[in-house]
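Q: Structure provided below as structure tokens; questions to follow.
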Amino acid sequence: MGILRTILTVIFVLVCIVSIVLVLLQEGKSAGLGAIAGAESYWGKNKGRSMEGNLVKGTIALAVAFFVLAVILNLGF
């Protein structure tokens, strides 16, 4: 059990580091004057297929992994 806990702890630390990097790579969410006018741009409509959309999806996946690993490690596994 000690080896498995060590492996899970290393994975947990890697998930933490990668999630910090992904959050820092993301752009700010302020839309500027385009949000006031209500104008939708091409990038706003296709955000899910852009690099920013991929960063958001990766951050969500890593957040889920973070919480799952935190619960598993906290249960004394």
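Q: Can you pull the one-decimal nm distance between simple spin-label points at ILE60 and ILE11, each 7 Å off the Cα toward Cβ?
A: If labels sit at ILE60 and ILE11, their model points lie 2.2 nm apart.
Q: In addition: Want the number for ASN74 to LEU4: 0.36 nm per residue separation, take away the alpha-carbon distance, what's left?
A: Working it through step by step, the gained length comes to 23.8 nm.
Where a number appears in this text, it was derived from the coordinates with a stated rule and is not lab data. Just so you know, these numbers come straight off a predicted model, no measurement behind them. Using ideal geometry, Cβ is built from the backbone for each residue, glycine included, and neighbour counts are taken over all protein chains shown.
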